[in-house]
Amino acid sequence: MKAICATDLSAASEATIENETCLECLGRIGIEEIHLVTVIPSNVHAGMPGMDFEGRRERALERYRDVIEDAGFDVEAHVVRGTPHRRVNGIAETVGASLTIVGSRGKSPLENRVIGSTARNLARTTVVPLLVNRIERGTDDPDVLRKHLFQRVLYATDFSENAERAFEAFSYLRHATQEATLVHVETPKDPELPEESDPEARLAELATELEGWGIETRTAVRRGDPADEILAAEDEYEPTVILVGSRGHSRLRRLLLGSVSEDVVARANGNVMLVPPDRMA
């Protein structure tokens, strides 16, 4: 498996790349090759005063490459110019990546630098599963907030086709997952769930599958606003990552699911993994 690691050469990006535990988790789920992608926005020019882009970029990428290679991965670096999320998506498709990783400092608008806006835009447009790796805010030398990326998974489902596709990620995440919490939020906004459907029974079926892989699993049915309840579950269970489908196929479902997943990305305390729909379906 191949992973894209989007970096803007900031301290937040360094935290994602240089954390040995995070790299170990990627190896456990089957990642063998990592593509470092640095996108220079079109409105940034090498000749701008005080901007040693060339030297800084080369030094940073060489250091990142050494760290990742020492951890046992094959590494390729891509330096491109354009709109960050579009170029990241394009390279992910070109190399056949299974995962895109981007660091994000989180909620504060004061931290809204290139990588922050890229994380949000990728959440809306990603073509492969996206891991938003949450980084400490308010420090010049930040660390990742959840080092064991996939150890404790909070899986949120509305039982849609895209949610089922997100659940399929356990086929490789299970190699790094010890505990899973499966959550469904009952809400009037979900018109597609049949009245006779029993969400607790459906969650129990999914839990049985995970327990067969040796993953300790609990289930919970909550009621209220989907994003609010998913985030409340994060506070209660303290997962290392929230796993959720990003959106549906129709325009209505794309708006409903898209708003929930983007809200979770923006407000979550820890990591979020978004799984987009299969574009071939």
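The values are calculated or read from the model by the stated rules, or taken from the named source; none is laboratory data. Bear in mind the structure is a predicted one, so any value in this text is a computation, not a measurement. No Cβ is skipped: glycine too gets one built from the backbone with ideal geometry, and neighbour counts run over all protein chains shown. Calculation scope for accessible area: heavy atoms of the full protein, side chains included, ligands and nucleic acids excluded. Shrake-Rupley method; radii C 1.70, N 1.55, O 1.52, S 1.80 Å.
Annotations for the structure displayed:
- Solvent-accessible surface (1.4 angstrom probe) belonging to M1, in square angstrom, nearest 10: 70
- Ligands, DNA and RNA are left out, and with a 1.4 angstrom probe the accessible area of the range 143-186 is 36 Å² per residue.
- Among 198-207, 155-164, sorting by the average number of other beta carbon atoms lying within 10 angstrom of each residue, highest first, gives 155-164, 198-207.
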